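The values are calculated or read from the model by the stated rules, or taken from the named source; none is laboratory data. All values reported here derive from a predicted model rather than from experimental measurement. Virtual Cβ from ideal backbone geometry, glycine too; neighbours counted across all protein chains shown.
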Amino acid sequence: MPNCYVRLSDLKAAIQGAGSGTSNDAVLLRASESASRWVDEHCDRHFYSLWAQTVLLPDHARPRHVPDTELWLPRDVISITTLKVDDDGDGVFEETLTVDTDYWLWPYNRLANEPVQRIDLNPEGSRSAWPSAPRRVQLVGKTGYSEETQAAGTIAEALDSSETGVDMTAGHDVAAGDTIFIDSEQMDVTAVATNTATVTRGVNGTTAATHDSGAAITRRRYPRDVEQAVTMQAARIVREAQTGYGGAVGSGDLGGYQFRSMYPAIRDLLAPYVMPRIS
C-alpha cells in the first residue's frame, strides 16, 4: 500500500466501532491508499517524494506576463541535483548551472517542508534568460511536496539489498502502510509482526542497498491538514461501503447528510494545497 497519508491507527480512531484488531486492516489500507491518491489528484500534486527524477522544462509556452528570467515548475521540487541547459536544441544539455551563482530557488525564504515552485536566474550569473523553446532545460532531483520524516526506531541487525524482512529493535513506531527511510532508501511497509516489518524495497526512485545494524529508521509525515483530509476521506470510503455507497452519512437522530461529491470540511482543509497554475 504505497505512500499512504494516514496511518492505520489514526484511521481506526476516526471510524466509530473500528476497534484495534487487525481483521479489517487490508480494507482500511486500501481505503487509505485510495483516499491518498484522490487527494493527489484533487490538489494536482503529490505529497510523497520521488528521487532521481528528470524533468524537462519548460513544458509549455511561457505566458507573456512572465519574465524570461523566471522558470515556473510544472510540479513540486524538493531539491535539485543538477540543472542543465540545451541552447541549440540538439538534445545535449551542454551548460551546467550552479545554484546561487547562476540561479535561485523560489520562494527565497522557503519554510521547512515547502516545495520549490520556481527557478529564477541570478542577474550576475552566466545566463540572462531561460530558453523559450520547450524541453531545453533538464532538471534532475527530488520531486514532491515535501520529505518530512519522524524517528521510528532502529534496525536490529544488518540488512542486505534483497531482504524483505526488516528486524527492528523493540519499541519501534513502524506500522503497515508506512513509508520508511533507512539511510537513503525508501521502503513500503506491507505488514508488521511484533518487531519484524515486511517491506517492498527501493521504492519512490530509491535503490535497495545494504544497511548496518543499528541504522536509524524514520517514517514519512505529510502536511497535517493533508493527513487529516485523507483520514476523513478514507473514513468516508469505509462508511459508504458499509451503507451501499448511497452518498449519505449521518446519525439516526439527525438524519442523513448528502455529500455525493466532496465534504466541505475536506475541501477547506485542502484548499491551500491545490497547485496554482500560471496562465
Inset, instruction - Go through (1) touching a residue at least 24 places away in the same chain (Cβ under 8 Å); (2) under 30 Å from residue 43 (Cβ atoms) one by one and return the number of the condition residue 110 breaks. - result: (1)
Legend entry - Of residues in segment 233-279 being farther than 30 Å from residue 116 by Cα and either among the basic types (Lys, Arg) or in contact with a Lys or Arg (Cβ under 6 Å, 6 or more places away or on another chain) (or both), the one modelled with the highest pLDDT: 236
Inset, instruction - Please work out if residue 189 is under 28 Å from residue 273 (Cα atoms), outside any strand (DSSP E or B) and touching a Gly at 6+ places or on another chain (Cβ under 7 Å). - result: no
Inset, instruction - Return the residue satisfying two criteria in turn: it lies in segment 43-65 and is outside any strand (DSSP E or B) and within 14 Å of the chain's Cα centre (by Cα), and of such residues it is surrounded by the fewest Cβ atoms within 10 Å (Cβ to Cβ). - result: 44
Inset, instruction - Could you figure out which of (1) surrounded by 16 or more Cβ atoms within 10 Å (Cβ to Cβ); (2) touching an Asp or Glu at 6+ places or on another chain (Cβ under 9 Å); (3) basic (Lys, Arg) isn't true of residue 142? - result: (2)
Inset, instruction - Could you grab me the full set of residues in segment 168-185 that are closer than 17 Å to residue 3 by Cα and part of a strand (DSSP E or B)? - result: 179, 180, 181, 182, 185
Legend entry - Number of the exception - residue 68 against (1) part of a strand (DSSP E or B); (2) in contact with a Ser or Thr (Cβ under 8 Å, 6 or more places away or on another chain): (1)
Legend entry - Sole residue being touching a His at 6+ places or on another chain (Cβ under 6 Å) and of a type outside the set (Ser, Thr, Tyr), chosen from 44, 40: 40
